[in-house]
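Trainee: Below is the structure I would like to discuss, written out as structure tokens.
Any read-out appearing in this document is the output of simple, stated calculations on the displayed coordinates, not a laboratory observation. Everything quoted here is computed from the prediction, not taken from an experiment. For neighbour counting, all protein chains shown are included, and Cβ atoms are generated from backbone atoms with ideal geometry for every residue, glycine included.
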Amino acid sequence: MKLFKKKEIIIKDFDSFCLCKYRDGSRLWVNVSAQIKNGCLLISGQDLGDCVKEHFDDTDYEYWYSFDTENTKLLITRLSEQKQKLDVKELLSDDFSGLDGCRNLRNFCEKFGIKYDFSSYA
């Protein structure tokens, strides 16, 4: 019987790419992107529009999820175990794109004990 060694995921830095670009007239605009720099994942978002104004009393809401190198590796490893894929952008897009992407990210991290820093301002 042959045993196959699982391929190791290589996490290379990459420039920002889009996870969500949503427009609903003037009610809501959502832009979310992800990048890896120095082995650390950063997901940043900006919500704009009348909905944001009603909720935050400001026209835009900006937020960031930052992962250190250890938790970036853990996140990507857990994603790859479920999807059997090795492309990091594809892994992130599969689970964390669209309007529910950030909620899915938080739930996934909670489920697997993955730590991140969250910051925002409106």
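Trainee: Below 8 Å between Cα atoms, with a sequence gap of 6+, how large is the relative contact order for the chain in percent?
Mentor: Computed over the chain, the figure is 24 percent.
Trainee: Moving on. Given 10 °C and 1.306 mPa s, how large is the Stokes-Einstein diffusion coefficient of the stretch 17-121 in µm²/s, with Rh as the Kirkwood radius over Cα pairs?
Mentor: 111
Trainee: Under a point spin-label approximation (7 Å from Cα along Cα-to-Cβ), what is the residue 68-residue 110 distance to one decimal in nm?
Mentor: In this crude spin-label approximation the distance works out to 2.3 nm.
Trainee: Okay, next question. Just subtract the alpha-carbon distance of residue 51 and residue 10 from 0.36 nm times their residue separation and send over the number in nm, one decimal.
Mentor: Gain on stretching residue 51 to residue 10: 10.8 nm.
Trainee: Hey, another quick one. Student exercise: in the chain, how many lysine pairs 8 or more apart or on different chains have Cα atoms under 19 Å apart?
Mentor: 26
Trainee: At q = 0.15, 0.25, 0.31 Å⁻¹, what log₁₀ I(q)/I(0) does the stretch 41-100 have when each alpha carbon counts as one equal point scatterer in the Debye sum?
Mentor: -0.58, -1.01, -1.27
Trainee: Which residue fluctuates the most in the chain, going by a Gaussian network model with Cα springs under 10 Å, if the choices are 53, 85, 111?
Mentor: 111
Trainee: What is the sum of charges around residue 13, taking Lys and Arg as +1, Asp and Glu as -1, for the other residues whose C-beta is under 14 Å from the C-beta of residue 13?
Mentor: Once all neighbours under 14 Å are counted, the net charge is +3.
Trainee: Continuing with this model, one more query. In terms of modelled amide H atoms, which long-range or inter-chain residues lie less than 5 Å from the amide H of residue 39?
Mentor: Correct list: 13.
Trainee: Would you mind ranking 51, 18 by Cβ crowding within 10 Å, fewest neighbours first?
Mentor: Final ranking by Cβ density, sparse to dense: 18, 51.
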